[in-house]
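The values are calculated or read from the model by the stated rules, or taken from the named source; none is laboratory data. None of the values given here were measured: they were computed from a predicted structure. Backbone-built Cβ (ideal geometry, glycine too); neighbour counts: all protein chains shown. Calculation scope for accessible area: heavy atoms of the full protein, side chains included, ligands and nucleic acids excluded. Shrake-Rupley method; radii C 1.70, N 1.55, O 1.52, S 1.80 Å.
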Amino acid sequence: MDATTSGTGHSVQYHNIVEKPLSLTFQRQQRHCFGESTPGDFPLAAKPSIVLHVLTGCNLEPQDLASLEATCSFFRKPANYPPDCNLSIAELAALDMCRKRAIFKSVSPEEGEIIKRRCGGTWKLVLRFLLAGEACCRREKSLAIAGPGHSIAVTSGGQVYSFGSNSSGQLGHGTLEEEWKPRLIRSLVGIRIIHAAAGAGRTMLISDQGHVYAFGKDSFGEGESGAQGSTLVTTPRPVESLKHIFVVQAAIANFFTAVLSREGTVYTFSWGSDARLGHQTEPNDLEPHPLLGALEDIPVVQIAAGYCYLLLLACQPSGMSVYSVGCGLGGKLGHGSRTDERYPRLIERFQALNLQPTVVAAGAWHAAVVGRDGRVCTWGWGRYGCLGHGNEDCESVPKVVESLLPVKASHVATGDYTTFVVSDAGDVYSFGCGESSSLGHSAAADDPAAAQGNNRHANVLRPELVASLKEKKERVVQISLTNSIYWNAHTFALTESGRLYAFGAGDKGQLGVELADQTERAKPERVDVDLS
């Protein structure tokens, strides 16, 4: 039956396949990929486009492509096919999948070769680098950011909504008025945003073209005296000093800001007057400085900033690794001491744990990592139980959260003495400081009559399932919570369907709704915005 006359109403197109009459004579013949068989056999090498279409259409992982090369000579021999006739079919498939990424579409051949060299010399390793960045940062997907008093929500199509506190213009609407409901930033309509970062009184957005837009306080870091920039920016404005760098991620700390380039290079602003980040600059310096040291020739896929330190997830041919730099108080740099590090230093503990890091999270004073096998490690200041080890002790090296071993984790988020873990099944666990009801436990406490003997502000020393989210019967894919010591925390849970749920502090409208006679909400409620 012809496809156009079936029940679907859609025609199926088969391109470049020559129709031949069916032969009903069956013969046993040895068929080879390169056509070294009886004349008339169809060699795969004669139509490499078919093979490429199958490989790229299946979205194979880089390790799958490497396995094909290892097990069959057809996949490792030169394919004699453009754009590079010397590449194998597996390498061409990896290159094709790289080109499908928004951030890679504008890469010139020369830039591509630079990225390939940094990643280890093959397009399969470049693909692994790109996929790792997308997985840990939700790049090119919908996301929500629970900033200090204000909130940013990005749709899968790249539109941006903001709401909450706006004392510095950090909502980007051209005013200083608070917004109690999600409001579209209209000046960005037509620009696809793929990543966002929020700090105290400032916001940074990154487009699929690598451009950075900033608004709010015009500084890239607070000084120790608490001074801010001389002017306030109330609408998104391109960061001129970054116009020659294709940026894919930003992280805002208290004393500095860091950005990550498409090539995996990290640049930092401010907080370098005492070479705290390996360079000598004034606190109000508006120029980015490349992060020197061990990572100069190693591509980074994710950056995470705490109050006064930076974590970096690096991608090497041998595997993933984590580096840290900055203030070491509380052991939050993970090296077994409390000393500062002016240059990025490898956290060696993961090798002893045989854990391949895939996601890093930097809380104000503590940090967390998820491994490829789903294990979760935490370290740093353990106040209020934010490390999940059943006590409030500090840990100066990463330690596996034993009570989470039955759970395969896929995502982790950290705040000010608070930690959330998302399982591969979409369940959410939280532990640490219960202030502002931001852990999501004891949801019934929203009812004063039901709150007796049910303290929604109680600290949690070990991971507990957030039952109030489980009741939504939706798979959670991202958690974001306030990472600041100056603001009461609020929390976002983003589901696979694009629904956004919020709970915690809501005194400035950061929950996306005006609370009646309350300043916080323990029960997750849906925010009136569709991020799908």
Exercise for review: Output yes when any residue across region 329-348 is without any contact (Cβ under 8 Å) to a residue 60 or more places away in the chain, assigned to a strand (DSSP E or B) and either aromatic (Phe, Trp, Tyr) or within 26 Å of Val477 (Cα to Cα) (or both), and no when none is.
Suggested key: no
Practice item. Please report, ordered by residue number, the strands (runs of 3 or more DSSP E) entirely within region 222-262 with at least 2 residues that are among the aliphatic types (A, V, I, L, M), in contact with a strand residue (DSSP E or B) (Cβ under 8 Å, 6 or more places away or on another chain) and modelled with pLDDT of 95 or more. Key: 247-252, 257-261
Review point. Just for region 475-532: of the residues that are among the basic types (Lys, Arg) and at pLDDT 95 or above, which one is surrounded by the most Cβ atoms within 10 Å (Cβ to Cβ)?
Key: Arg499
Review point. Out of all the residues in region 368-375, is one or more part of a strand (DSSP E or B), surrounded by fewer than 22 Cβ atoms within 10 Å (Cβ to Cβ) and modelled with pLDDT of 95 or more?
Key: yes
Check your understanding: If only one of Leu143, Leu171 is open to solvent by less than 10 Å² (accessible area, probe 1.4 Å), within 16 Å of Val513 (Cβ to Cβ), modelled with pLDDT of 95 or more and not polar (S, T, N, Q), which one is it?
Key -> Leu171
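Results for (1) surrounded by fewer than 24 Cβ atoms within 10 Å (Cβ to Cβ); (2) part of a loop (DSSP other than H, G, I, E, B); (3) modelled with pLDDT under 95; (4) within 25 Å of the chain's Cα centre (by Cα), shown as yes or no for each residue.
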residue: Gly390; (1), (2), (3), (4): yes, yes, no, no
residue: Ser410; (1), (2), (3), (4): yes, no, no, yes
residue: Asp416; (1), (2), (3), (4): no, yes, yes, yes
residue: Val422; (1), (2), (3), (4): no, no, no, yes
residue: Tyr429; (1), (2), (3), (4): no, no, no, yes
residue: Ser436; (1), (2), (3), (4): no, no, yes, no
residue: Ala449; (1), (2), (3), (4): yes, no, yes, no
residue: Leu461; (1), (2), (3), (4): yes, no, no, no
residue: Leu469; (1), (2), (3), (4): no, no, no, yes
Check your understanding: Quick one: is Arg101 within 18 Å of Gln302 (Cα to Cα), in contact with a helix residue (DSSP H, G or I) (Cβ under 6 Å, 6 or more places away or on another chain), free of Cβ contacts under 8 Å to residues at least 40 places away in the same chain and open to solvent by 20 Å² or more (accessible area, probe 1.4 Å)?
Key -> yes
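Would you check if there is a residue in region 73-82 being touching a residue at least 60 places away in the same chain (Cβ under 8 Å) and polar (S, T, N, Q)?
Our first condition is that a residue be touching a residue at least 60 places away in the same chain (Cβ under 8 Å); within region 73-82, this holds for none.
So far as region 73-82 goes, no, none of its residues is touching a residue at least 60 places away in the same chain (Cβ under 8 Å) and polar (S, T, N, Q).
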Review point. Considering region 60-85 alone, what residues qualify as being part of a helix (DSSP H, G or I) and loosely packed, with under 13 Cβ neighbours inside 10 Å?
Key: Gln63, Ala70, Thr71, Ser73
